[in-house]
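Every read-out reported here was derived from the displayed coordinates using simple, explicitly stated rules and does not represent laboratory data. All values derive from a computational prediction rather than experimental measurement. Note that each Cβ is placed from the backbone with ideal geometry, even for glycine, and that neighbours are counted across all protein chains shown.
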Amino acid sequence: MCLYLKLVKHPIIASFSNHSDNYPTPINLSYLWGFGSLAGIALVIQLFTGIFLAMHYTPEVNLAFISVEHIMRDVVGGSGLRYIHANGASMFFIVVYTHMFRGLYYGSYYQPRAILWYTGVIIFLLMMATAFMGYVLPWGQMSFWGATVITNLFSAVPFIGNYIVQLLWGGFSVDNPTLNRFFSLHYLLPFAIAALAGLHLILLHKDGSNNPLGVDSTIDRIPFLPYFYVKDFFGFLLFSIFFLFLLYMRQII
């Protein structure tokens, strides 16, 4: 019992508990407030599936497409892993778009949550960059010309546009250095997104969640555990059913 009390009172464990089960939450939050936690789950899925896919992928223009075919045909569970990663990206964006729409509709970007909103916007921009670079990695025709068209958009930047394009390409055309750059950034940016998501959560808990009525969030609050854990778990079950249905349909088509 004494050891348990010491652990509970430890600053790290106490801080974690304050940001999880003991976090005071407005009593009137609806299921729309669960899409933030769903976005976190989707990010974890993308991170783990991406790490395992990177073990079998070769970022070289003559071998990239072949390595993807190797994952699909020869690696045990490789096709399922790739489908989870590819469709998980779409699910990630669906969840984040819904999360952003809820924030816009209920005015979650007003003070004192403006900085919280800014971090969310940065996370969204990094997500778009990461998704685009991942789209290029299979190095098919769509990947090659997608990389060519999108990177050339930076040439419209006055004075330094062409230098930015050459920096992205790693040369004077889309080639092997481009693929290596995109693979490196596609692997690293999700960890930056995870770090920003942690900061996003800390800022959320600093000022408290907004609520449908827009009233002061410090009034009439209840602990996050067990009330909102149940709500978030129900949303996770619906998310899982829809996601697994998409994966099943993708496998049989």
Nearest-0.05 FRET efficiency for L47 and D220 at R0 = 41 Å, using Cβ-Cβ distance, is 0.65
For the chain, the longest principal axis of the Cα atoms and the Cα long axis of helix 64-73 enclose an angle in degrees, to the nearest 10, of 60 degrees
Simple SL model, points at 7 angstrom along Cα→Cβ for I150 and E69; separation in nm is 2.4 nm
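So if R0 is 30 Å, what FRET efficiency would I115 and F159 give, r being the distance between their Cβ atoms, rounded to the nearest 0.05? List each step's numbers first, then the result.
Values: r = 32 Å, r/R0 = 1.05.
So, using R0 = 30 Å, E works out to roughly 0.40.
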Of F144, F159, F233, the most mobile residue in a GNM of the chain (C-alpha springs, cutoff 10 Å) is F159
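Give me the number: length gained by fully extending T58 to R250, i.e. 0.36 nm times residue separation minus the C-alpha to C-alpha distance, one decimal in nm. Mind dumping the intermediate values first?
Working: separation 192, 0.36 × 192 = 69.12 nm, distance 2.44 nm.
Here the answer is 66.7 nm.
Tell me, what is the FRET efficiency for L213 and V76 to the nearest 0.05, using R0 = 51 angstrom and their Cβ-Cβ distance as r? If you can, show how the numbers build up before the last one.
Values: r = 52 Å, r/R0 = 1.02.
In this case the efficiency is close to 0.45.
What net charge do the residues around I115 carry, taking every other residue with its C-beta under 12 Å from that of I115, with Lys and Arg at +1 and Asp and Glu at -1? Before the final figure, lay out the partial values.
On the way: positive: R113, K206; negative: D207.
Charge balance near I115 sits at +1.
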Label model pair L104, L125: point-to-point distance (7 angstrom along the Cα→beta-carbon line) in nm is 1.7 nm
Measuring from the longest principal axis of the C-alpha atoms of the chain, the long axis of helix 141-152 (C-alpha) lies at a number of degrees, nearest 10, equal to 80 degrees
Given 94-100, 24-30, the highest-first ranking by average Cβ count within 10 Å works out to 94-100, 24-30
So the angle from the long Cα axis of helix 114-136 to the longest Cα principal axis of the chain, reported in degrees to the nearest 10, equals 30 degrees
Per GNM of the chain with C-alpha springs under 10 angstrom, the most fluctuating residue out of F239, F172, F93 is F172
